[in-house]
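The values are calculated or read from the model by the stated rules, or taken from the named source; none is laboratory data. The model shown is predicted, which means the values in this text are computed figures rather than measured ones. Here the Cβ is made from the backbone with ideal geometry for all residues, glycine too, and neighbour counts use every protein chain on show.
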Amino acid sequence: MNDQKESIFLNEYLMTIASAFAIGASFFALILSWRMKDGFTLFIIIVKVITIFAMYYAYRHYRWDVAKGLMGGILFCLMFQEGNLVLERLWGQEDFDTYLVAGVQGSIYLAASGMAFMLTVIITINHFFINYAKKGNPENVIFNQMAISIKLFIYLVLIITNSMLSFDRIIRWENALQYLTDIAILLLIVCIESQIDSLKVLRQELIEQKKARGKEL
């Protein structure tokens, strides 16, 4: 069983480390959010932690349909979180005026927030094309990995600009921890998509081998 795992799951250790890092960062963000009594942020963090625990349990027990479905769910969670930031907080409450007044850093933060939200929408849609198609989709996996690479860069921009803006110290730390958690989640998505695609390709090869043996007989 272990040999089979090592031969297929090339990113097993990365998944373990990313899961542990995401849960650790979420735990500290949860403490800060609890002190600020931010109900929405508390809810988002708790959903992320529960989903990561459930996804990793499903991964360890080879329940791939459950694992990929949970990762699709956490993408919706990210989309909802970022949509709330861009559409409700920055646009709806007109806080974007505050960021524009802050100068270059505030403008970069606004632009990065909007781009992160749009990329999450693209990644979420493509995630379902990858994992719920009848055959493997290596092209879609590569496209999603490219989108996630860009999104990781945008998260780094958000962390840097977040630290340069005149937020309360607790808010700065809580935001940074959430961005770090999301980076770990994106790494998990890359791992699970690559592994599921590898399994699909392997299954297709086995089917073709059986067909070839049938013809020989």
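Of everything in the stretch 163-177, what is more than 12 Å from Thr41 (Cβ to Cβ) and either more than 22 Å from the chain's Cα centre (by Cα) or in contact (Cβ under 8 Å) with a residue 12 or more places away in the chain (or both)? Give them in sequence order. Before the answer, list the steps.
If we filter the stretch 163-177 for residues that are more than 12 Å from Thr41 (Cβ to Cβ), which is where we start, we get 163-169, 172-173, 176.
Hits for the stretch 163-177 are Ser163, Met164, Leu165, Ser166, Phe167, Asp168, Arg169, Trp173, Ala176.
Does at least one position in the stretch 64-71 carry a residue that is surrounded by 13 or more Cβ atoms within 10 Å (Cβ to Cβ), within 22 Å of the chain's Cα centre (by Cα) and modelled with pLDDT of 80 or more? Talk me through it step by step, then tell me what you get.
Kept after step one, since they are surrounded by 13 or more Cβ atoms within 10 Å (Cβ to Cβ), are these residues of the stretch 64-71: 64, 66-71.
Next, from what is left, pick out any that are within 22 Å of the chain's Cα centre (by Cα): 64, 66-71.
Remaining after also requiring modelled with pLDDT of 80 or more: 70-71.
Within the stretch 64-71, one or more residues are surrounded by 13 or more Cβ atoms within 10 Å (Cβ to Cβ), within 22 Å of the chain's Cα centre (by Cα) and modelled with pLDDT of 80 or more.
Using beta carbons and a limit of 7 Å, which pairs, at least six apart or on different chains, have the first residue in the stretch 132-149 and within 24 Å of Val66 (Cβ to Cβ) and the second one modelled with pLDDT under 75 and among the hydroxyl-bearing types (Ser, Thr, Tyr)?
So the pair list comes out as Val141/Ser194.
Ile45 passes all but one of (1) loosely packed, with under 13 Cβ neighbours inside 10 Å; (2) touching a residue at least 60 places away in the same chain (Cβ under 8 Å); which number fails?
(1)
Please identify the pairs in which a residue from the stretch 1-22 that is at negative phi and small (Gly, Ala, Ser) has its Cβ atom under 8 Å from the Cβ atom of a residue that is modelled with pLDDT under 60 and exposed (fewer than 14 other Cβ atoms within 10 Å of the Cβ), counting only partners at least 6 apart or on another chain.
none
Among the residues of the stretch 27-34, is there at least one that is out of contact with any His (no Cβ under 7 Å at 6 or more places or on another chain), of a type in the set (Gly, Ala, Ser), modelled with pLDDT under 85 and more than 21 Å from Thr120 (Cβ to Cβ)?
First, pick out the residues of the stretch 27-34 that are out of contact with any His (no Cβ under 7 Å at 6 or more places or on another chain): 27-34.
Filter once more, keeping what is of a type in the set (Gly, Ala, Ser): 29, 33.
Add one more test, that the residue is modelled with pLDDT under 85, and what stays is 33.
Among the residues that remain, those that are also more than 21 Å from Thr120 (Cβ to Cβ) are: none.
No.
Given the conditions (1) farther than 16 Å from Ala184 by Cβ; (2) modelled with pLDDT under 85, and given that Asn11 satisfies all but one, which numbered condition is not satisfied?
Asn11 satisfies all of (1) farther than 16 Å from Ala184 by Cβ; (2) modelled with pLDDT under 85 except (1).
Only residues in the stretch 114-130 that are touching a residue at least 40 places away in the same chain (Cβ under 8 Å) count as the first member; pair them with residues that are assigned to a helix (DSSP H, G or I) and of a type in the set (Asp, Glu), Cβ under 8 angstrom, at least 6 apart or cross-chain, and list the lot.
Listed by first residue and then by second, the contacts come to Ala116/Glu82; Thr120/Glu82; His127/Glu193; Ile130/Glu193; Ile130/Asp197.
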